[in-house]
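See structure below.
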Amino acid sequence: MSNWHEVASVADFKKDDRKYIEVADEEIGIFKVGQEYHAISIWCSHARVSLMNGFVDEHCIQCPAHGAEFDLRDGSHMSAPAVRPVESFPVKVEGDKIFVQVEE
């Protein structure tokens, strides 16, 4: 079953473009790109390194350890050494509240 979880507010992104959250045993990074919010697993599929400090360019995040790149919109891998995507999660904004949908 999937549930929507309130995880942040728009105001939380005034100073940062990312936020770490834990929901239903998932470790998730929420990233703001322009006016859009995206949510992916924080763990690189190549070497289980946290993506939270990765360089973000447009909708691409780069793993800080080995340079693998992932699309923030859907978690797909965009470059080696990663050969698998990272999990992505639907995001919605209602008013000032940000919600992430997670399977439980």
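Brief remarks follow.
- Derived scalar couplings ³J(HN,Hα) [the range 38-46; Karplus, 6.51 cos²θ - 1.76 cosθ + 1.60; whole Hz; x for Gly, Pro]: 10, 10, 9, 4, 7, 9, 4, 6, 7
- For GluC sites (Glu not before Pro), the sites in the range 3-68 that DSSP calls loop and that have at most 15 other Cβ atoms within 10 Å are Glu58.
- Positive end of the dipole of the range 36-90 (Cβ unit charges, origin at the Cα centre): among Pro90, Leu51, His38, the Cα lying farthest that way belongs to Leu51.
- P(r) weight above 19 Å for the chain, C-alpha pairs, percent: 37 percent
- Within the chain, longest stretch free of exposed trypsin sites (Lys or Arg not before Pro) [DSSP loop, at most 10 other beta carbons within 10 Å]: 49-104
- Likely footprinting exposure, Cys60, Cys44, fewest C-beta neighbours within 10 Å first: Cys60, Cys44
Taken together, the values in this text are just the output of simple stated rules run on the coordinates, not laboratory data. The structure presented is a predicted model; accordingly, all values stated were derived computationally and were not measured. In this analysis, Cβ positions are derived from the backbone assuming ideal geometry, glycine residues included, and neighbour counts consider all displayed protein chains.
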